[in-house]
Amino acid sequence: MAIDKVTSASITDGTITTAKLAYEAAPFRNIVINGDMSIAQRATSTASITSAGYHTVDRFQTSITNMGTWTQSQSTTVPSGQGFATSLKMDCTTADASPAAGDDLKIRTKFEGQNLQYLKKGTSSAESLTASFWVRSNKTGTYIVELMDNDNSYRHINKSYTISSADTWEKKTITFAGDTTGAFGNDNGASLEMSFYLGAGSNQTSGTLQTSWGAYTAANRAVGQVNLADSTSNEWYITGVQLEAGTSASDFEFLPVDVNLQRCQRYFELETIPYDALICVSQALGSTSSVGFKQYKIQKRSAPSISISGNYFAFGSNSANSGGSASFNPRGVDVYRLDINSASGLTAGNASAVYSNTGGVTLSYNSEL
(Lines give C-alpha, C1' and ligand atoms only; values in the text may rest on other atoms or scores of the structure.)
Protein backbone atom coordinates (compact mmCIF):
# COMPACT_ATOMS: atom_id res chain seq x y z
CA MET A 1 0.00 0.00 0.00
CA ALA A 2 1.33 3.42 -0.89
CA ILE A 3 1.96 6.03 1.78
CA ASP A 4 -0.02 9.10 0.81
CA LYS A 5 1.34 11.64 3.25
CA VAL A 6 3.24 12.28 6.48
CA THR A 7 0.90 14.03 8.88
CA SER A 8 3.56 15.05 11.39
CA ALA A 9 7.29 14.70 11.88
CA SER A 10 10.02 16.13 14.08
CA ILE A 11 13.59 16.30 12.78
CA THR A 12 16.53 17.19 15.02
CA ASP A 13 20.08 17.32 13.64
CA GLY A 14 18.95 15.34 10.64
CA THR A 15 17.36 12.60 12.76
CA ILE A 16 13.63 11.86 12.69
CA THR A 17 12.61 11.67 16.33
CA THR A 18 8.82 11.50 15.89
CA ALA A 19 6.83 10.58 12.84
CA LYS A 20 3.20 9.78 12.25
CA LEU A 21 2.13 8.32 8.91
CA ALA A 22 -1.40 8.36 7.51
CA TYR A 23 -2.65 5.88 4.96
CA GLU A 24 -5.40 7.34 2.84
CA ALA A 25 -5.76 4.35 0.52
CA ALA A 26 -8.00 2.29 2.81
CA PRO A 27 -8.13 -1.49 2.23
CA PHE A 28 -11.17 -2.86 0.41
CA ARG A 29 -12.00 0.56 -0.95
CA ASN A 30 -13.12 -1.11 -4.19
CA ILE A 31 -16.81 -1.99 -3.95
CA VAL A 32 -16.44 -4.31 -6.93
CA ILE A 33 -15.44 -7.90 -6.18
CA ASN A 34 -13.15 -9.63 -8.71
CA GLY A 35 -12.68 -6.49 -10.77
CA ASP A 36 -9.43 -7.89 -12.19
CA MET A 37 -11.39 -10.87 -13.58
CA SER A 38 -8.93 -13.30 -11.96
CA ILE A 39 -11.50 -15.74 -10.52
CA ALA A 40 -13.61 -17.86 -12.89
CA GLN A 41 -14.95 -20.85 -10.97
CA ARG A 42 -17.64 -21.91 -13.44
CA ALA A 43 -15.62 -21.88 -16.67
CA THR A 44 -12.94 -19.94 -18.49
CA SER A 45 -14.95 -19.92 -21.72
CA THR A 46 -18.64 -20.40 -22.58
CA ALA A 47 -19.96 -20.42 -26.14
CA SER A 48 -23.44 -19.88 -27.62
CA ILE A 49 -24.64 -17.49 -24.93
CA THR A 50 -28.18 -16.26 -25.61
CA SER A 51 -29.59 -16.17 -22.07
CA ALA A 52 -28.84 -14.28 -18.89
CA GLY A 53 -26.61 -15.73 -16.20
CA TYR A 54 -23.17 -16.06 -14.68
CA HIS A 55 -21.20 -17.83 -17.37
CA THR A 56 -17.46 -17.40 -16.66
CA VAL A 57 -15.84 -14.69 -14.52
CA ASP A 58 -17.21 -14.57 -10.97
CA ARG A 59 -19.45 -11.70 -9.87
CA PHE A 60 -20.05 -10.47 -13.46
CA GLN A 61 -23.42 -11.46 -14.86
CA THR A 62 -24.51 -11.37 -18.48
CA SER A 63 -27.92 -9.75 -19.02
CA ILE A 64 -29.20 -10.38 -22.55
CA THR A 65 -32.52 -10.16 -24.33
CA ASN A 66 -32.60 -11.32 -27.96
CA MET A 67 -29.37 -9.61 -28.95
CA GLY A 68 -27.21 -12.01 -30.89
CA THR A 69 -25.14 -14.97 -29.74
CA TRP A 70 -21.89 -14.63 -27.81
CA THR A 71 -18.84 -16.43 -26.56
CA GLN A 72 -17.67 -15.12 -23.21
CA SER A 73 -14.22 -15.92 -21.88
CA GLN A 74 -11.65 -15.13 -19.26
CA SER A 75 -9.01 -13.73 -21.60
CA THR A 76 -5.28 -13.21 -21.16
CA THR A 77 -5.43 -10.12 -23.38
CA VAL A 78 -4.71 -7.29 -20.92
CA PRO A 79 -3.36 -3.73 -20.86
CA SER A 80 0.43 -3.82 -20.89
CA GLY A 81 2.35 -2.89 -17.77
CA GLN A 82 -0.69 -2.46 -15.49
CA GLY A 83 -0.40 -5.63 -13.44
CA PHE A 84 -3.46 -7.41 -14.82
CA ALA A 85 -3.30 -11.04 -15.93
CA THR A 86 -6.89 -11.55 -17.11
CA SER A 87 -9.86 -9.73 -18.60
CA LEU A 88 -13.46 -10.55 -19.48
CA LYS A 89 -14.03 -10.88 -23.22
CA MET A 90 -17.31 -10.79 -25.16
CA ASP A 91 -17.10 -12.10 -28.73
CA CYS A 92 -20.10 -11.82 -31.06
CA THR A 93 -20.73 -15.08 -32.94
CA THR A 94 -24.22 -14.40 -34.33
CA ALA A 95 -25.02 -10.79 -35.18
CA ASP A 96 -28.16 -8.73 -34.53
CA ALA A 97 -27.74 -5.65 -36.70
CA SER A 98 -31.32 -4.43 -36.19
CA PRO A 99 -32.30 -5.01 -32.55
CA ALA A 100 -35.96 -4.90 -31.62
CA ALA A 101 -37.20 -2.22 -29.24
CA GLY A 102 -36.90 -4.42 -26.15
CA ASP A 103 -33.54 -5.99 -26.93
CA ASP A 104 -30.46 -5.28 -24.84
CA LEU A 105 -27.11 -6.64 -23.75
CA LYS A 106 -25.07 -5.64 -20.73
CA ILE A 107 -22.55 -7.00 -18.25
CA ARG A 108 -23.42 -6.19 -14.66
CA THR A 109 -22.31 -6.73 -11.09
CA LYS A 110 -24.39 -6.32 -7.93
CA PHE A 111 -23.65 -5.21 -4.36
CA GLU A 112 -25.19 -5.94 -0.97
CA GLY A 113 -26.77 -3.01 0.83
CA GLN A 114 -25.03 -3.78 4.10
CA ASN A 115 -21.69 -3.14 2.38
CA LEU A 116 -22.79 0.30 1.17
CA GLN A 117 -23.97 2.05 4.32
CA TYR A 118 -20.85 4.25 4.46
CA LEU A 119 -21.97 5.89 1.20
CA LYS A 120 -24.73 7.63 3.19
CA LYS A 121 -27.14 7.41 0.28
CA GLY A 122 -30.42 9.16 0.92
CA THR A 123 -28.86 11.85 3.13
CA SER A 124 -27.53 15.32 2.44
CA SER A 125 -24.02 13.89 2.91
CA ALA A 126 -24.34 11.21 0.22
CA GLU A 127 -20.96 10.23 -1.20
CA SER A 128 -20.10 10.50 -4.87
CA LEU A 129 -18.88 7.32 -6.54
CA THR A 130 -16.06 7.07 -9.07
CA ALA A 131 -15.78 4.18 -11.48
CA SER A 132 -12.53 3.34 -13.26
CA PHE A 133 -11.76 0.49 -15.64
CA TRP A 134 -9.73 -0.58 -18.65
CA VAL A 135 -11.65 -1.35 -21.84
CA ARG A 136 -10.88 -2.40 -25.40
CA SER A 137 -12.91 -3.09 -28.54
CA ASN A 138 -12.60 -3.06 -32.31
CA LYS A 139 -15.86 -1.06 -32.36
CA THR A 140 -15.27 2.56 -31.43
CA GLY A 141 -17.95 4.95 -30.25
CA THR A 142 -20.16 5.68 -27.27
CA TYR A 143 -20.85 3.15 -24.50
CA ILE A 144 -22.96 3.54 -21.36
CA VAL A 145 -22.32 2.69 -17.69
CA GLU A 146 -25.31 2.63 -15.34
CA LEU A 147 -25.74 2.61 -11.57
CA MET A 148 -29.18 1.44 -10.45
CA ASP A 149 -30.69 1.56 -6.95
CA ASN A 150 -32.82 -1.58 -6.57
CA ASP A 151 -34.13 -0.53 -3.15
CA ASN A 152 -35.88 2.65 -4.25
CA SER A 153 -38.00 1.98 -7.31
CA TYR A 154 -34.95 1.52 -9.57
CA ARG A 155 -33.59 5.02 -9.38
CA HIS A 156 -30.68 5.25 -11.79
CA ILE A 157 -27.86 7.38 -13.14
CA ASN A 158 -26.20 6.76 -16.50
CA LYS A 159 -22.95 8.09 -17.91
CA SER A 160 -21.23 7.61 -21.26
CA TYR A 161 -17.64 6.88 -22.17
CA THR A 162 -16.00 6.70 -25.58
CA ILE A 163 -13.79 4.01 -27.06
CA SER A 164 -11.65 6.20 -29.29
CA SER A 165 -9.12 3.82 -30.86
CA ALA A 166 -9.92 0.38 -32.21
CA ASP A 167 -8.21 -2.62 -30.61
CA THR A 168 -6.44 -0.42 -28.06
CA TRP A 169 -6.67 -0.60 -24.28
CA GLU A 170 -8.00 2.67 -22.82
CA LYS A 171 -8.53 3.58 -19.17
CA LYS A 172 -11.83 5.28 -18.37
CA THR A 173 -12.82 7.21 -15.24
CA ILE A 174 -16.42 8.24 -14.55
CA THR A 175 -17.76 10.05 -11.48
CA PHE A 176 -21.37 9.72 -10.36
CA ALA A 177 -22.81 12.28 -7.95
CA GLY A 178 -24.11 11.11 -4.59
CA ASP A 179 -27.84 10.48 -4.37
CA THR A 180 -29.61 12.34 -1.56
CA THR A 181 -32.84 10.40 -2.13
CA GLY A 182 -33.52 6.88 -0.91
CA ALA A 183 -31.28 4.95 1.48
CA PHE A 184 -29.92 1.50 0.73
CA GLY A 185 -31.34 -1.30 2.84
CA ASN A 186 -28.94 -2.53 5.53
CA ASP A 187 -29.23 -6.16 4.49
CA ASN A 188 -27.83 -8.82 2.17
CA GLY A 189 -30.04 -7.91 -0.79
CA ALA A 190 -28.90 -6.51 -4.15
CA SER A 191 -29.21 -2.82 -3.32
CA LEU A 192 -26.98 -1.45 -6.11
CA GLU A 193 -25.98 -2.76 -9.50
CA MET A 194 -23.43 -1.49 -11.98
CA SER A 195 -24.02 -2.26 -15.66
CA PHE A 196 -21.87 -1.95 -18.76
CA TYR A 197 -24.09 -1.69 -21.85
CA LEU A 198 -23.02 -3.33 -25.10
CA GLY A 199 -26.23 -2.72 -27.01
CA ALA A 200 -29.87 -1.73 -26.57
CA GLY A 201 -33.06 -1.29 -28.57
CA SER A 202 -35.19 1.84 -28.77
CA ASN A 203 -36.99 1.18 -25.49
CA GLN A 204 -33.77 2.21 -23.74
CA THR A 205 -32.26 4.65 -26.24
CA SER A 206 -35.10 6.93 -27.35
CA GLY A 207 -35.00 9.47 -24.51
CA THR A 208 -32.36 11.71 -22.94
CA LEU A 209 -29.49 10.08 -21.08
CA GLN A 210 -30.12 10.15 -17.30
CA THR A 211 -26.84 11.76 -16.20
CA SER A 212 -28.10 12.63 -12.70
CA TRP A 213 -29.93 10.41 -10.23
CA GLY A 214 -33.62 10.22 -11.03
CA ALA A 215 -36.74 8.09 -11.16
CA TYR A 216 -36.66 5.08 -13.44
CA THR A 217 -37.20 5.97 -17.07
CA ALA A 218 -36.39 3.13 -19.46
CA ALA A 219 -35.89 5.39 -22.49
CA ASN A 220 -33.10 7.30 -20.70
CA ARG A 221 -30.90 4.35 -19.80
CA ALA A 222 -28.68 3.76 -22.84
CA VAL A 223 -29.03 6.77 -25.13
CA GLY A 224 -26.19 6.88 -27.67
CA GLN A 225 -25.02 3.31 -27.01
CA VAL A 226 -23.33 1.61 -29.99
CA ASN A 227 -24.57 -1.81 -31.08
CA LEU A 228 -21.73 -4.25 -30.42
CA ALA A 229 -23.97 -7.02 -31.77
CA ASP A 230 -24.08 -5.67 -35.32
CA SER A 231 -21.19 -7.82 -36.62
CA THR A 232 -19.51 -11.13 -35.83
CA SER A 233 -16.22 -9.24 -36.10
CA ASN A 234 -16.99 -7.40 -32.87
CA GLU A 235 -15.42 -8.09 -29.50
CA TRP A 236 -15.14 -6.21 -26.21
CA TYR A 237 -12.75 -6.62 -23.29
CA ILE A 238 -12.82 -5.16 -19.78
CA THR A 239 -10.63 -5.45 -16.68
CA GLY A 240 -9.54 -3.40 -13.66
CA VAL A 241 -13.11 -2.48 -12.73
CA GLN A 242 -13.15 -0.34 -9.60
CA LEU A 243 -15.97 1.60 -7.91
CA GLU A 244 -15.06 3.70 -4.87
CA ALA A 245 -16.35 6.56 -2.77
CA GLY A 246 -15.15 10.00 -3.76
CA THR A 247 -14.65 12.11 -6.86
CA SER A 248 -11.32 10.70 -8.03
CA ALA A 249 -10.01 7.27 -8.94
CA SER A 250 -7.19 5.62 -7.05
CA ASP A 251 -4.95 2.92 -8.48
CA PHE A 252 -6.63 -0.45 -8.86
CA GLU A 253 -6.72 -2.37 -5.60
CA PHE A 254 -5.13 -5.77 -6.22
CA LEU A 255 -6.00 -8.41 -3.62
CA PRO A 256 -4.25 -11.72 -2.91
CA VAL A 257 -5.84 -14.52 -4.92
CA ASP A 258 -6.99 -16.38 -1.80
CA VAL A 259 -8.80 -13.29 -0.50
CA ASN A 260 -10.38 -12.63 -3.89
CA LEU A 261 -11.53 -16.26 -4.17
CA GLN A 262 -13.07 -16.24 -0.69
CA ARG A 263 -14.97 -13.05 -1.46
CA CYS A 264 -16.36 -14.67 -4.61
CA GLN A 265 -17.25 -17.87 -2.74
CA ARG A 266 -19.67 -15.95 -0.55
CA TYR A 267 -21.88 -15.90 -3.64
CA PHE A 268 -20.85 -19.03 -5.51
CA GLU A 269 -18.68 -21.97 -4.53
CA LEU A 270 -17.59 -24.84 -6.76
CA GLU A 271 -16.27 -27.89 -4.94
CA THR A 272 -14.56 -30.61 -6.97
CA ILE A 273 -14.13 -33.95 -5.18
CA PRO A 274 -11.90 -36.55 -6.86
CA TYR A 275 -12.67 -40.23 -7.18
CA ASP A 276 -12.85 -42.23 -3.93
CA ALA A 277 -12.74 -39.14 -1.71
CA LEU A 278 -15.01 -38.48 1.25
CA ILE A 279 -17.94 -36.16 0.59
CA CYS A 280 -19.68 -36.36 3.95
CA VAL A 281 -19.72 -38.46 7.13
CA SER A 282 -23.27 -39.54 7.91
CA GLN A 283 -25.40 -41.78 10.10
CA ALA A 284 -27.58 -44.56 8.75
CA LEU A 285 -31.26 -44.10 9.60
CA GLY A 286 -32.11 -47.52 8.24
CA SER A 287 -30.91 -49.99 5.65
CA THR A 288 -31.73 -47.62 2.80
CA SER A 289 -31.06 -44.11 4.09
CA SER A 290 -28.52 -41.97 5.89
CA VAL A 291 -28.11 -38.33 6.88
CA GLY A 292 -25.06 -36.13 7.38
CA PHE A 293 -24.02 -32.51 7.53
CA LYS A 294 -21.44 -30.69 5.46
CA GLN A 295 -19.99 -27.20 5.88
CA TYR A 296 -19.36 -24.72 3.07
CA LYS A 297 -15.81 -23.44 2.72
CA ILE A 298 -17.07 -19.85 3.14
CA GLN A 299 -20.22 -18.59 4.82
CA LYS A 300 -22.76 -17.82 2.11
CA ARG A 301 -24.70 -14.61 1.55
CA SER A 302 -27.92 -16.57 2.02
CA ALA A 303 -28.94 -20.25 2.08
CA PRO A 304 -27.77 -21.39 -1.37
CA SER A 305 -29.24 -23.63 -4.00
CA ILE A 306 -27.15 -26.79 -4.32
CA SER A 307 -26.51 -29.06 -7.27
CA ILE A 308 -24.34 -32.10 -7.85
CA SER A 309 -22.89 -33.74 -10.92
CA GLY A 310 -20.98 -36.99 -11.06
CA ASN A 311 -21.22 -40.31 -9.25
CA TYR A 312 -21.34 -41.07 -5.54
CA PHE A 313 -22.32 -43.86 -3.17
CA ALA A 314 -23.09 -44.45 0.48
CA PHE A 315 -20.49 -46.58 2.27
CA GLY A 316 -21.78 -48.46 5.28
CA SER A 317 -20.21 -50.40 8.10
CA ASN A 318 -20.55 -53.57 6.03
CA SER A 319 -18.43 -51.97 3.29
CA ALA A 320 -21.36 -52.15 0.87
CA ASN A 321 -21.39 -50.03 -2.27
CA SER A 322 -24.99 -49.09 -1.67
CA GLY A 323 -25.76 -46.54 -4.38
CA GLY A 324 -28.75 -44.37 -3.55
CA SER A 325 -29.92 -40.88 -4.43
CA ALA A 326 -29.00 -37.61 -2.72
CA SER A 327 -31.01 -34.61 -1.67
CA PHE A 328 -29.57 -31.37 -0.31
CA ASN A 329 -31.22 -29.30 2.39
CA PRO A 330 -29.50 -26.00 3.29
CA ARG A 331 -29.49 -25.24 6.99
CA GLY A 332 -28.73 -21.54 6.88
CA VAL A 333 -25.58 -19.97 5.49
CA ASP A 334 -22.95 -22.27 7.03
CA VAL A 335 -24.00 -25.91 6.56
CA TYR A 336 -26.37 -28.16 4.68
CA ARG A 337 -27.86 -31.58 5.34
CA LEU A 338 -27.11 -34.36 2.86
CA ASP A 339 -29.75 -37.09 2.76
CA ILE A 340 -29.10 -40.41 1.02
CA ASN A 341 -32.22 -42.35 0.09
CA SER A 342 -33.00 -45.57 -1.78
CA ALA A 343 -29.66 -47.09 -0.84
CA SER A 344 -29.10 -50.65 0.39
CA GLY A 345 -26.99 -52.55 2.85
CA LEU A 346 -26.78 -49.89 5.58
CA THR A 347 -27.36 -50.58 9.26
CA ALA A 348 -29.58 -48.22 11.26
CA GLY A 349 -27.67 -46.28 13.89
CA ASN A 350 -24.25 -47.06 12.48
CA ALA A 351 -21.87 -44.55 11.05
CA SER A 352 -21.73 -44.39 7.30
CA ALA A 353 -20.21 -42.09 4.73
CA VAL A 354 -20.82 -40.71 1.27
CA TYR A 355 -17.92 -41.09 -1.15
CA SER A 356 -17.30 -39.99 -4.70
CA ASN A 357 -17.39 -42.75 -7.26
CA THR A 358 -15.76 -43.18 -10.68
CA GLY A 359 -15.14 -39.83 -12.34
CA GLY A 360 -15.49 -37.82 -9.13
CA VAL A 361 -18.15 -35.33 -8.06
CA THR A 362 -18.69 -31.61 -8.51
CA LEU A 363 -20.85 -29.69 -6.04
CA SER A 364 -21.99 -26.13 -6.64
CA TYR A 365 -23.47 -23.77 -4.07
CA ASN A 366 -25.22 -20.76 -5.52
CA SER A 367 -26.09 -17.72 -3.41
CA GLU A 368 -25.78 -15.04 -6.10
CA LEU A 369 -27.51 -11.70 -5.86
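Working carefully through the options 249, 215, 222, 190, find the one that is touching a strand residue (DSSP E or B) at 6+ places or on another chain (Cβ under 7 Å), crowded, with 20+ Cβ neighbours inside 10 Å and of a type in the set (A, V, I, L, M). Outline the logic, then answer.
On the way: 249 fails: crowded, with 20+ Cβ neighbours inside 10 Å; 215 fails: crowded, with 20+ Cβ neighbours inside 10 Å; 190 fails: crowded, with 20+ Cβ neighbours inside 10 Å.
Result: 222 is the single residue among 249, 215, 222, 190 that is touching a strand residue (DSSP E or B) at 6+ places or on another chain (Cβ under 7 Å), crowded, with 20+ Cβ neighbours inside 10 Å and of a type in the set (A, V, I, L, M).
Which of (1) open to solvent by 20 Å² or more (accessible area, probe 1.4 Å); (2) in a loop (DSSP other than H, G, I, E, B); (3) modelled with pLDDT of 95 or more; (4) among the small types (Gly, Ala, Ser) does residue 48 not meet, given it meets every other one?
Here residue 48 meets the rest and fails (2).
Of these, 142, 181, 173, 208, which one is within 24 Å of the chain's Cα centre (by Cα) and polar (S, T, N, Q)? It would help to see each step written out before you state the result.
On the way: 142 fails: within 24 Å of the chain's Cα centre (by Cα); 181 fails: within 24 Å of the chain's Cα centre (by Cα); 208 fails: within 24 Å of the chain's Cα centre (by Cα).
Unique residue meeting the criteria: 173.
In region 51-77, which residue that is open to solvent by less than 40 Å² (accessible area, probe 1.4 Å), of a type in the set (A, V, I, L, M) and in a loop (DSSP other than H, G, I, E, B) is farthest from residue 169 (Cα to Cα)?
Only one residue fits best here, namely 67.
Only residues in region 108-132 that are at positive phi and in contact (Cβ under 8 Å) with a residue 24 or more places away in the chain count as the first member; pair them with residues that are in a loop (DSSP other than H, G, I, E, B) and open to solvent by 30 Å² or more (accessible area, probe 1.4 Å), Cβ under 8 angstrom, at least 6 apart or cross-chain, and list the lot.
Qualifying pairs under 8 Å: 120/127; 122/152; 122/180; 122/181; 122/183.
Report yes if residue 121 is more than 20 Å from the chain's Cα centre (by Cα), crowded, with 20+ Cβ neighbours inside 10 Å and closer than 19 Å to residue 193 by Cβ, otherwise no.
In short, yes.
List every residue pair whose Cβ atoms lie under 6 Å apart, where the two residues are 6 or more positions apart in sequence or sit on different chains, the first residue falls within region 291-315 and is in contact (Cβ under 8 Å) with a residue 60 or more places away in the chain, and the second residue, located anywhere, is part of a strand (DSSP E or B) and among the small types (Gly, Ala, Ser).
Here the result reads 292/282, each pair linking region 291-315 to a residue that is part of a strand (DSSP E or B) and among the small types (Gly, Ala, Ser).
Could you please tell me which pairs satisfy a Cβ distance under 6 Å, a separation of 6+ or placement on different chains, a first residue in region 42-64 that is in contact (Cβ under 8 Å) with a residue 60 or more places away in the chain and among the small types (Gly, Ala, Ser), and a second residue that is open to solvent by less than 20 Å² (accessible area, probe 1.4 Å) and part of a strand (DSSP E or B)?
Matching pairs, first to second residue: 63/106.
How many residues are of a type in the set (Val, Ile, Thr), out of contact with any helix residue (DSSP H, G or I) (no Cβ under 7 Å at 6 or more places or on another chain) and in a loop (DSSP other than H, G, I, E, B) when one looks only at region 207-257?
Qualifying residue count, region 207-257: 6.
Say whether the condition of being modelled with pLDDT of 95 or more, farther than 20 Å from residue 219 by Cα and among the charged types (D, E, K, R) is met by at least one residue in region 153-160.
Scanning region 153-160, I find no residue that is modelled with pLDDT of 95 or more, farther than 20 Å from residue 219 by Cα and among the charged types (D, E, K, R), so the answer is no.
What's the total number of residues in region 79-96 that are open to solvent by 40 Å² or more (accessible area, probe 1.4 Å), part of a loop (DSSP other than H, G, I, E, B) and either at negative phi or free of Cβ contacts under 8 Å to residues at least 12 places away in the same chain (or both)?
So the count comes out to 5.
The values are calculated or read from the model by the stated rules, or taken from the named source; none is laboratory data. This is a predicted model, so every value here is computed, not measured. Methodologically, a virtual Cβ is constructed for each residue, glycine included, from the backbone with ideal geometry; neighbour enumeration extends over all protein chains shown. Heavy atoms of the whole protein, side chains included, go into the accessibility calculation; ligands, DNA and RNA do not. Shrake-Rupley method; radii C 1.70, N 1.55, O 1.52, S 1.80 Å.
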